[in-house]
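This is the structure I have questions about; it appears just below.
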């Protein structure tokens with residue numbers, strides 16, 4: 001009786017791993033990750049300086065008093081952007097640069 005039980009136990013131990021390999025595995029679908037679009041931010045203030053490639057604006061309150069933005073050919077500009085003008089800048093951050101996507105001069109309400 002002991003030999004029969006031992007033989008069955010050894011047979012089960014030998015067959016168990018091979019049965020596990022014989023069960024078909026369904027592959028898990030790989031998620032298709034879409035690259036995240038860069039977040040767009042907004043900042044308002046007064047133009048301190050502007051040239052063909054950069055814009056620096058300031059504001060009197062807040063923890064950040066001054067920010068500089070890169071201006072390129074794809075930057076949308078509305079209004080006369082000059083020193084002293086009140087503007088809103090929409091931008092994205094790439095590395096350590098703030099890239100202006102849109103600059104809009106704010107008109108004073110009467």
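Every number in this text was worked out from the coordinates using simple rules, so none of it is lab data. Just so you know, these numbers come straight off a predicted model, no measurement behind them.
Could you work out the relative contact order of the stretch 40-105? I mean the mean sequence separation of Cα pairs under 8 Å and 6+ apart, divided by the number of residues, in percent.
It comes to 36 percent, rounded to a whole number.
Taking a ≥ b ≥ c as the square roots of the eigenvalues of the Cα gyration tensor of the stretch 40-105, is the shape rounded (a/c under 1.5), prolate (a/b larger than b/c) or oblate?
It is oblate, given that a/c is not under 1.5 and a/b is not larger than b/c.
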